[in-house]
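Chemist: Sharing a structure with you now.
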Amino acid sequence: MKRENISRIVLSAKHITVSGENHIVYDASLILPSHTVMLLMGMSGSGKSLFLQGITGFFLDETLRLCQGKVTVEGEEIWQAKDGSVRLNREALGDKIALSYQEAGQSLNPRLKCRHQLRLLLRRFYSTNEIPAEMERANEFLRVSGIEPERVWSNYPCQLSGGLQQMAYLALALRTPARVLLLDEIFSNMDSALLEKVTTFLAHHVHDTGRSLLVVTHDPSLISGFAHYVAIFYSGRIIEIVHKKDKPLHPFTRYFFACFDENLTAPIRQLISANAPGTRDKISSNGCSYRHQCKQKINKCDTTVPPLRECKTENGHIHFLACFNPFDNHEDGEYDGSKG
């Protein structure tokens, strides 16, 4: 997406820190332009799902809390936290952000049939005269995806498969006025045929409405055909945001993308596995969490956490990077895992 098309930032999340027994998400920041699909990727356990929950200010685990940070949508503050004190704009949150949890059933009321939940949602956001047209739009989304609407609306969430629960939630979320949809592994229970139909619909929807999606996923197939940008999460922080057509500069991002290479050699695959959070690298406030694995490391990496800064690009894409000694943006050839 070109710079002239992303001047309007729809979501700004700055310095989010979430703590429980330890800091689970530390000083994580992200911006999301309008008309954009951004994937949030990284090793399991790195904090991606908690970061999504942190954007809303609410957590499934009541022992977690916001320590610091600020989130705005279209310039309107959603919440701000400082020294553990949180100021939350609940009204703006409901109108600006919609979140699907990793298990879609957690986003649905188990005591109400899906049709009743749709009607309650539409009554909140639309006038009586607008509701029939909005119900038909929800039905159309299901039909385009090859699903008979009655199969979803006439049942309780527990009577639906995991894939249909995800479809029910998406149909509801798309009928809210939310400018940002946060989707946590929403496609995980969909077969390949349904996935293609849904992502095609969502891509057109984003283009037509100006909405933006932030999607947690482990599916690399979504990068080429669905997403505009990829944000890489590592040990509780976002370390790089890069356009899908641009070359990543962070050493870990290069390792991570190498996971998708079918020709990956066994030694490099072992190195990738060793870099998973919880093996060696833990969240650090005194240096780069990746420094123990990184052959690009310089002395500063041992003492200072690299801030997420914007990189200059020649093509107008945004590119943010948290690294003191990244790879050269103009480096030719494939990444050699032995280098870092």
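Chemist: Residues that are free of Cβ contacts under 8 Å to residues at least 60 places away in the same chain and aliphatic (A, V, I, L, M): does the stretch 91-98 have at least one?
Modeler: Yes - at least one qualifying residue is present in the stretch 91-98.
Chemist: Could I ask something else about it? I need the helices (runs of 4 or more DSSP H) fully contained in the stretch 43-158, keeping only those with at least 1 residues that are modelled with pLDDT under 95 and closer than 23 Å to ILE232 by Cα. Step through it out loud before you land on a result.
Modeler: Working: elements: 48-56, 90-96, 114-125, 131-144, 149-153.
So the answer is 48-56.
Chemist: A further question follows. Take VAL25 and tell me if it is in contact (Cβ under 8 Å) with a residue 12 or more places away in the chain and within 16 Å of GLY236 (Cα to Cα). Steps first, answer last, please.
Modeler: Details: in contact (Cβ under 8 Å) with a residue 12 or more places away in the chain: yes; within 16 Å of GLY236 (Cα to Cα): yes.
It is true that VAL25 is in contact (Cβ under 8 Å) with a residue 12 or more places away in the chain and within 16 Å of GLY236 (Cα to Cα).
Chemist: Still on this structure, I have one more. Looking at the stretch 218-287, what helices (runs of 4 or more DSSP H) fall wholly within it and have at least 1 residues that are among the aromatic types (Phe, Trp, Tyr) and either modelled with pLDDT under 90 or within 20 Å of the chain's Cα centre (by Cα) (or both)? Steps first, please.
Modeler: On the way: elements: 221-225, 251-258, 266-274.
Once the helices (runs of 4 or more DSSP H) in the stretch 218-287 are filtered for at least 1 residues that are among the aromatic types (Phe, Trp, Tyr) and either modelled with pLDDT under 90 or within 20 Å of the chain's Cα centre (by Cα) (or both), what remains is 251-258.
Chemist: Looking at the stretch 175-202 only, could you name the residues that are over 15 Å from GLN102 (Cα atoms) and part of a loop (DSSP other than H, G, I, E, B)?
Modeler: So in the stretch 175-202, the residues over 15 Å from GLN102 (Cα atoms) come out as 175-180, 191-202.
Listed by number, the residues that qualify are ARG175, THR176, PRO177, ALA178, ARG179, ASP191.
Chemist: Here's another thing I want to ask about it. Checking the structure you have, find out if any residue of the stretch 161-174 is modelled with pLDDT of 95 or more, surrounded by fewer than 19 Cβ atoms within 10 Å (Cβ to Cβ) and either touching a strand residue (DSSP E or B) at 6+ places or on another chain (Cβ under 6 Å) or part of a helix (DSSP H, G or I) (or both).
Modeler: No, the stretch 161-174 contains no residue that is modelled with pLDDT of 95 or more, surrounded by fewer than 19 Cβ atoms within 10 Å (Cβ to Cβ) and either touching a strand residue (DSSP E or B) at 6+ places or on another chain (Cβ under 6 Å) or part of a helix (DSSP H, G or I) (or both).
The values are calculated or read from the model by the stated rules, or taken from the named source; none is laboratory data. Every value quoted in this text rests on a predicted model; they were computed, and no experiment measured them. Cβ coordinates were reconstructed from backbone atoms using ideal geometry, including for glycine residues, and neighbour counts include every protein chain displayed.
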